[in-house]
Amino acid sequence: MLTGSPIITVDGITKHFGKRNEIEALKGVTFSVRKGEVFGLLGPNGSGKTTLIRILNCIFEPTSGTAVVNGHDLRDKDGVKRSTGLLAENPGLYERLSPREYLEFVGALYDVDKAALGERVPKLLAMFGLDHRSDDLIEGFSKGMRQKVLIAAALVHDPPIIFLDEPTSALDPRASLVVRDLIRDLSSQAGKTVFVSSHILPIMEEVCDRMAIINEGKIVALGTVEEIVAKVGATSLEQAFLELTGGRERVDLLSWRDPVGAT
Ligand SMILES: Nc1ncnc2c1ncn2[C@@H]1O[C@H](COP(=O)(O)OP(=O)(O)OP(=O)(O)O)[C@@H](O)[C@H]1O
Ligand SMILES: [Mg+2]
């Protein structure tokens, strides 16, 4: 049972988008993440996960509400950014750099000591089997290879908190297992706090100490998998997820077709 003190506290965060602020992506989100835990964020497409992660990394400002990340209020952008590593959902990558150059560039941005970088970068690339491609340009990399470089970049300054937004979405089964084990090791051996969002429920179930389920911009459940499953009287996380995010009604998936007999 984790009893760590909070390292992230989120208090009443809202975020509105659109010309008239009509899109309410987050509708008052409050929770905290304990130091050293793996905290998962689960939710349907468009429920606000990426928006929340962006706010907690100072990429967006909230419409209202506050958060403290590793002792830094969101207004202290530099303090927050130095506390976190982020695998973003749709990041830009410097196509004309090699992965080695890219990781050295990111490391330099965070003032990582040159000698430490020289040791760390090859090890990070080797972790994902990219060591033989260290000096090839990223522009020739496959989607999954890019994702590996970006995960390495989120770690290169060895921050206390690591945010991973859909870390395995482009990865093959073996690389997904590496990421799963990496998340566990970062927490259990390196004492890091990992905040992860993913739709892959078995991985989330395995790695997360606690998780929040978010639906339409509101947290609808928070706790361990067992607590969440018990809360709705479900038998699995998948069933609990479906119950908590709109029920399990079966819709007619072929209603878009011409009426039967017309073709
Ligand atoms: N820059 C933006 N401009 C306008 N609307 C936005 C913007 N970013 C997010 N939204 C809206 O906020 C809502 C939440 O989006 P968000 O990307 O946070 O969802 P998500 O939970 O990460 O979904 P997914 O599982 O598909 O990644 C959506 O309605 C989306 O259209
Ligand atoms: Mg998202």
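The values are calculated or read from the model by the stated rules, or taken from the named source; none is laboratory data. Because the structure is predicted, anything quoted here is derived from the model rather than measured. Quick reminder, even Gly has a Cβ in these numbers, built from the backbone with ideal geometry, and neighbours come from all protein chains shown. With ligands, DNA and RNA removed, areas are computed over all heavy atoms of the protein, side chains included. Shrake-Rupley method; radii C 1.70, N 1.55, O 1.52, S 1.80 Å.
I'd like the GluC sites (Glu not before Pro) in region 40-111 restricted to DSSP loop residues with at most 16 other Cβ atoms within 10 Å, sorted by number. Before the final figure, lay out the partial values.
Working: sites: GLU89, GLU95, GLU101, GLU104; in loops: GLU89, GLU95.
Those satisfying the criteria are GLU89, GLU95.
Given a 1.4 angstrom probe, what's the average accessible area per residue across region 91-148, in square angstrom? Before the final figure, lay out each step's value.
Details: 3340 Å² over 58 residues.
Accessible area per residue: 58 Å².
Where the only charges are on Cβ atoms (+1 Lys, Arg; -1 Asp, Glu), what is the dipole of region 1-152 about its Cα centre, to the nearest 20 debye? Let's see the in-between values first.
Working: 21 positive and 19 negative charges, 72 e Å.
Here region 1-152 has a charge dipole of around 340 debye.
Got a number for carbon plus sulfur as a percent of region 1-75's accessible area, 1.4 Å probe?
Numbers: 1750 of 3580 Å².
Roughly 49 percent of what the probe reaches on region 1-75 is carbon or sulfur.
In square nanometres, what is one fourth of the surface area of the convex hull spanned by the alpha carbons of region 78-164?
Working: hull surface 21.4 nm².
Dividing the Cα hull surface by four gives the mean projection, 5.3 nm².
Could you work out the per residue convex hull volume over the alpha carbons of the chain, in cubic angstrom? Before the final figure, lay out the partial values.
On the way: hull volume 46.8 nm³, N = 263.
Cα-based convex hull of the chain, divided per residue, equals 178 Å³.
How far apart, in nanometres, would the label points at LEU253 and THR30 be if each is projected 7 angstrom from Cα along the Cα-to-Cβ direction?
Output for this residue pair reads 4.0 nm.
Show me the ranking of peptides 248-257, 62-71, 16-25 by mean Cβ neighbours inside 10 Å, starting with the highest. Please report the intermediate quantities before stating the final value.
Values: 248-257: 7.0, 62-71: 17.4, 16-25: 12.1.
So the order, starting with the most tightly packed, is 62-71, 16-25, 248-257.
What's the local net charge at GLU238, with K and R +1, D and E -1, over the other residues with C-beta under 13 Å away?
On the way: positive: ARG248; negative: GLU205, GLU243.
Its environment carries a net charge of -1.
Find, to one decimal place in angstroms, the Kirkwood hydrodynamic radius of region 195-240, where the mean of 1/r is taken over every pair of different Cα atoms and then inverted.
Working: mean 1/r = 0.0927 Å⁻¹.
Over region 195-240, the inverse of the mean reciprocal pair distance is 10.8 Å.
What percentages make up the Cα-Cα pair-distance distribution of region 50-104 when the bins are 10 Å wide from 0?
22, 43, 26, 9, 0
Output the relative contact order of region 1-146, whole-number percent, from Cα pairs under 8 angstrom with separation of 6+ residues.
That works out to 19 percent.
Given Cβ point charges of +1 (Lys, Arg) and -1 (Asp, Glu) and nothing else, what value in debye, to the nearest 20, does the dipole of the chain about its Cα centre take? Walk me through the intermediate numbers first.
On the way: 31 positive and 36 negative charges, 59 e Å.
Computed about the Cα centre, the dipole is about 280 debye.
Go ahead and estimate [θ] at 222 nm for the chain from helices alone: -39,500 (n - 2.57) per DSSP H run with n ≥ 4, summed, over the residue count, rounded to 500.
Working: 9 runs with 91 residues, N = 263.
Value at 222 nm, helices only: -10000 deg cm²/dmol.
Quick one: how many lysine pairs in the chain have C-alpha atoms under 18 angstrom apart, if they're 8 or more apart or on different chains?
Value for the chain: 14.
Can I get the semi-axes of region 117-263's equivalent ellipsoid? Compute them from the C-alpha gyration tensor as square roots of 5 times the eigenvalues, in angstrom, largest first.
Working: eigenvalues 249, 117, 26 Å².
Each semi-axis is the square root of five times an eigenvalue, giving 35, 24, 11 Å.
Which of the GluC sites (Glu not before Pro) found in region 186-238 are loop residues per DSSP with 16 or fewer other Cβ atoms within 10 Å of their Cβ? Before the final figure, lay out the partial values.
Numbers: sites: GLU205, GLU206, GLU216, GLU226, GLU227, GLU238; in loops: GLU216.
Answer by residue number: GLU216.
Please compute the contact order of the chain in relative form: average sequence separation of alpha-carbon pairs under 8 Å and at least six residues apart, divided by the residue count, as a percent. Intermediate results must be reported in sequence, preceding the final value.
Numbers: 447 pairs, mean separation 62.2, N = 263.
After rounding, I find 24 percent.
I'd like to compare 120-132, 33-45: which one has the highest average count of other Cβ atoms within 10 Å, and what's the full order after that? Mind showing how you got there, number by number?
Details: 120-132: 16.9, 33-45: 21.0.
Result, highest mean first: 33-45, 120-132.
Under Stokes-Einstein, with the Kirkwood radius over Cα pairs standing in for Rh, what whole-number D in µm²/s applies to region 1-62 at 25 °C and 0.890 mPa s? Write out the running numbers ahead of the final one.
Numbers: Rh = 12.8 Å.
Value of D from the Cα-based Kirkwood radius: 192 µm²/s.
Based on the Cβ-Cβ distance of ASP172 and ARG20, what FRET efficiency does E = 1/(1 + (r/R0)^6) give at R0 = 41 Å, to the nearest 0.05?
Working: r = 44 Å, r/R0 = 1.06.
About 0.40, to the nearest 0.05.
Please tell me the relative contact order of region 192-245 in percent, rounded to the nearest whole number, where contacts are Cα pairs under 8 Å and at least six residues apart.
Over region 192-245, the number comes to 26 percent.
In Å, the Kirkwood hydrodynamic radius of region 1-115 over pairs of distinct alpha carbons?
Working: mean 1/r = 0.0627 Å⁻¹.
For region 1-115, inverting the mean 1/r across all distinct Cα pairs yields 16.0 Å.
Of the peptides 240-247, 109-116, 148-155, how do they stack up when ordered by the mean number of other Cβ atoms within 10 Å, highest first?
148-155, 240-247, 109-116
For region 107-203, compute the orientation-averaged projected area of the C-alpha convex hull (one quarter of its surface), in nm². It would help to have the intermediate numbers written out before the result.
Numbers: hull surface 26.0 nm².
Value for region 107-203: 6.5 nm².
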